[in-house]
Structure formats: C-alpha cells, structure tokens
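Notes for the one structure printed next.
The values are calculated or read from the model by the stated rules, or taken from the named source; none is laboratory data. Fair warning: this is a prediction, and the values are worked out from it, not measured in the lab. Neighbour counts are summed over all protein chains in view; Cβ atoms, including those assigned to glycine, are modelled from backbone coordinates with ideal geometry. Remember, those area values only see protein heavy atoms, side chains included, never the ligands or the DNA or RNA. Shrake-Rupley method; radii C 1.70, N 1.55, O 1.52, S 1.80 Å.
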Amino acid sequence: MPAFLHSRWFPSIERLVALLVLLAIFLTSIGKASYGEDESHWIHTSSYLEILFTHKPDSPLWSEHYWTLTQPPVARYLIGLGRLAGGYGSNDLNTPWQFDQDYQTNIANGNLPGADLLWWSRLPMAILAALAGWVVFLLLLPVAGRTAGYYFLFAFAGSPYVLTHLRRAMSETPLLFFTLLAAIACWKALVELQKAYQKSNVTLKELQKSTLWFILAGACCGLAGASKINGLFSAGGLFALILLAVLLLPGAATFAVRRTFAIRSAILSVFAALLVFTILNPYLYANPLLNTARMFKFRVQEMTLQVAGFPENVLHSPLERIEVISRRIFEDYALPGFPGARWLNLLLTGAGLAILVWNAWRWLRYGEKNPASAALLVLPAPLAAAALITPLDWDRYYLFPVLYAAWCSAAGFGLVMHALRAVFRRRKPPF
C-alpha cells in the first residue's frame, strides 16, 4: 500500500476532495434537471423570505391559509436566498402552477419560472445535496470502510434519480440535509458520551459536552421539520437513540447519573427541535402546539384529496405495495439502479444492514466499534419508515427509503470486498 495513504494528512485531503467532487457534480447542469411542476409553488412562495423580515407575525400573510398550512417555510427561505443571490426579488417571481390547466396555458399565465430564476432557486438545493452525500460518506468511513464510502459516493453522484430530485427547488433536499446533520451531531454526542463513561465516578458535569451535542442534534431535527413537516419524526429517532445509548452503553456511570442524564438530554434535545421548528415559522406563534397539529391534519387531508384525484397512482393491496415498493427502492430508483438489479441490491442492502446493526449493537452493549452505525441507522429510520406507508406511488416519496437502502448497500458492498480480499490473501501463489 502506498506510504502516502498512511500520512496523517491523507484523511483530511481525502474528505476535502470528496466534497469538492460532489459539489462539482451537483453544481453542473443544474438547469438540465427535469422540471417538477411543484417547483412553481415553492419558488412562488419563496417570497416568504421577504415577508419574514417585513411583516409582523400577526400579519394576515402569516394567518391560517393554504400556504401556511401545507408545509413549513424553511425550504422557501433557502430558495429565496438562492434567487436573491441571482438578483431576483419577490416581484420577479412566477405565479403558482395550476394542475387543472395544460402546460401551454400555464406558460401563458406566467406560472412557469424562467430558466435563470429556476437555476438560482435550485442553487441552494444543489449545494445542500452535495453536503448531504458528503455527510453519509463521513459516517460510513469509520464503520464500513473506505470501499463502502466510495461505493456510496459513486452511486449517489451518478444516480439520475438523486441528481433530479435533490437539485429541484423543493423541500426534499433541506429535509435530507438537516436530518443527516442531526445524525452527525448525534455521532459526536455519542463519541463524547463514550469518553465520559470510561472515567471512574462519572458526574453529570462531565457529561455536559455530550448533552450540548445532543441539543445541537435536536436543533437540526427542528430544521428538518421546518423544511418539511415530517422531518419532526427525526426527533423521535434522536429520542430513542439517546435512551438506548445512555442506558445500555457500558461504563462506570451509576444508574442514577445515567437516568438523570438520559431524561435531561432527551427532553432538552426534543425541546430544541420544537423550539427551532416554532421560531422559524411565525404562523405557529399564536398557539405552537395547536397550529402544529393543524398542519399535520391538513397534510393528511391533502393526501386524502391526492388519493382521490390520482387513483392511477394509488397502491391498494399489501401484495401490490410489496411488489411496487421493492421494485422502486431496489431497482427503479436504486443507487445504482438498472433493469434486474432488485435482487442484487436486496442482497447487498441486507448484508449492509446486518453489519451496521451488528456494529451498533456491539457499540451499545460493549463499547466496541464506532457509534456512527447507530447514528446512521436510528435517527433517519422514522423518516424512511414513514415514506413506506404512503398510499401514493410517487417517485419523490421514495427518497428516504432509497437513500437508506443505498448506504446499507454500500456497507454490504464493503463487507463483500473485505471478504474477497481476505480469501485472496490466504491463497498460496501457484508457483
């Protein structure tokens, strides 16, 4: 193996190069990603960035209506920042796309954003998409190895599905990015927790650094929820991971210290998530809990209308769901995906999931391996699970299950390559 691979500078250079390559790929041909009609709505409502600074929370613009109920505003803020960077103000925006009108009528009515406006609106999403892929790479390296990390990078950056949906001016990309940012903050919290547990007579004061990282992870979960409301489910994954890690991880901490720390960290992190979620959305100020419940209720009602309006996209029987969902995740939208890839990807994903679960369990029970496995598996899991119960067969709804399967598949590929290398090393030369 070349000596430079063992240099203390190599890991930093490797990570920087990986980020630069991802940015170069995702920032190239932003405008060539196929247009999603929902982008018209997101770009139109990016005017809420200006409204945030020019209208008080009691303004009618922040009262209860379709735009304040359908989704939280952080994705709109990000789109607004992008088009402002390109010189487009709130008066330069398109009007909302009308789905009951044909394409030409929508264009004639000014509902299609111009090419330059669309490019600048997508720019923040392309940057966040590259960062999201990089975060997964960082989390895979310590638990699945360099082979798995590069396999994921190539699959992620080369996937037409990813390059399309993560560069569109919509909410999926910030949802993914902030969820993964929460996962990496949670990883840091678990590393600090393990360090503290290795000391004798651990006190709550010595666990403060871990608490701060958990609170930061909670704030990132709040940002995910403020991008798309189901992002709040990530706080449930964080809550579960805190309890598992604090109570199961071996160490010298007494049960009383563990219990107090678990309760404090779980409550503070979930509170941070809800606080960030609320602060960024003035519609919630009047009654945060009630208005959040109304947003969830509205989403359920809207999905009911979508089911009625698009019967051809509805998944009915359990067998149909299993067949369609498995084909979408492991073949049609898989990383990598190609005709007939379903069984190969299923095998790799199963193997990768098994090794990540095993590593997470070894860390939780014995303090071995690396906590990145636990962070990568548990925190995004509620979002991947929620996507699987959607009644509609729409491509963008599969984003989290597809990516969750992708990083498990990458870990499986790394495991297979490691096993093959071990076999070849044991073979004697033929002469």
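Roughly how many percent of the accessible protein surface of region 274-431 is carbon and sulfur, given a 1.4 Å probe and a whole-percent answer? Can you show the working numbers first?
Working: 5810 of 8330 Å².
The nonpolar share, carbon plus sulfur, comes to 70 percent.
Calculate, for region 365-431, the solvent-accessible area per residue in square angstrom, rolling a 1.4 angstrom probe over the heavy atoms of the protein chains. Walk me through the intermediate numbers first.
Values: 3230 Å² over 67 residues.
For region 365-431, the solvent-accessible area averages 48 Å² per residue.
What is the list of residues in region 277-295 whose amide nitrogen lies under 20 Å from a point 7 angstrom out from the Cα of Lys56, following Cα to Cβ?
Answer for this model: 279-288.
Is region 369-425 best put as rounded, prolate or oblate by its Cα gyration tensor, with a ≥ b ≥ c the root eigenvalues, rounded for a/c under 1.5, and otherwise prolate when a/b is larger than b/c, oblate when not? Walk me through the numbers on the way to the answer.
Numbers: a/c = 4.95, a/b = 2.01, b/c = 2.46.
Taking the square roots of the gyration eigenvalues as a ≥ b ≥ c, region 369-425 is oblate.
Check each of the chymotrypsin sites (Phe, Trp or Tyr not before Pro) in region 180-258 and keep only those in coil by DSSP with at most 15 other C-beta atoms within 10 angstrom; list them in order. Don't jump to the answer; show the numbers that get you there.
On the way: sites: Trp187, Tyr197, Trp213, Phe214, Phe233, Phe239, Phe255; in loops: none.
Answer in residue order: no site qualifies.
Taking the Cα-to-Cβ direction at Val357 and at Ile322 and moving 7 Å from each Cα, how far apart do the two end points lie in nm?
Those two pseudo-labels are separated by 1.7 nm.
Summarise the accessible area of region 59-117 (1.4 Å probe, protein heavy atoms) by the percent that is carbon and sulfur.
Values: 1540 of 2840 Å².
The nonpolar share, carbon plus sulfur, comes to 54 percent.
Could you run the Debye sum over the Cα atoms of region 215-295, one equal point scatterer each and no solvent, and tell me log10 of I(q)/I(0) at q = 0.13, 0.23, 0.24 Å⁻¹, two decimals?
Debye intensities relative to I(0), on a log10 scale: -0.44, -0.97, -1.02.
Which angle between 0 and 90 degrees, to the nearest 10, do you get for helix 74-85 versus the longest principal axis of the chain when only C-alpha atoms count?
Around 70 degrees separate the two axes.
Going by the alpha-carbon gyration tensor, a ≥ b ≥ c the square roots of its eigenvalues, is region 267-389 rounded (a/c under 1.5) or, if a/c is not under 1.5, prolate (a/b greater than b/c) versus oblate? Numbers along the way, then the final one.
Details: a/c = 3.07, a/b = 1.14, b/c = 2.70.
It is oblate, given that a/c is not under 1.5 and a/b is not larger than b/c.
Would you mind checking the tilt of helix 342-366 against the longest principal axis of the Cα atoms of the chain, expressed as 0 to 90 degrees and rounded to 10?
In the chain, helix 342-366 runs at an angle near 60 degrees to the longest axis.
What is the percent carbon and sulfur in the accessible area of region 119-195, measuring with a 1.4 Å probe over the protein chains and ignoring ligands?
Within region 119-195, the accessible surface is 71 percent carbon and sulfur.
Starting from a Cα-only point model with no solvent, please compute log10 I(q)/I(0) by Debye for the chain at q = 0.12 1/Å.
So the normalised log intensities work out to -1.07.
With the other protein chains left in place, how much accessible area per residue, in square angstrom, belongs to region 88-221 at a 1.4 angstrom probe? Kindly include the intermediate steps, with their values, before the conclusion.
Working: 5170 Å² over 134 residues.
Spelled out: the 1.4 Å probe surface of region 88-221, per residue, equals 39 Å².
Would you mind getting the accessible area per residue of region 305-362, heavy atoms of the protein chains only, 1.4 Å probe, in Å²?
Values: 3330 Å² over 58 residues.
It amounts to 57 Å² per residue over region 305-362.
Which entries of Lys228/Lys297; Lys188/Lys228; Lys228/Lys369; Lys205/Lys369 have Cα-Cα distances beyond 22 Å here? Show your work: numbers first, answer last.
Details: Lys228/Lys297 14 Å; Lys188/Lys228 25 Å; Lys228/Lys369 33 Å; Lys205/Lys369 26 Å.
As for pairs spanning more than 22 Å Cα to Cα, those are Lys188/Lys228; Lys228/Lys369; Lys205/Lys369.
At 0.36 nm per residue, and after removing the present C-alpha to C-alpha distance, how many nm does the segment from Tyr66 to Trp343 gain when stretched out fully?
95.5 nm
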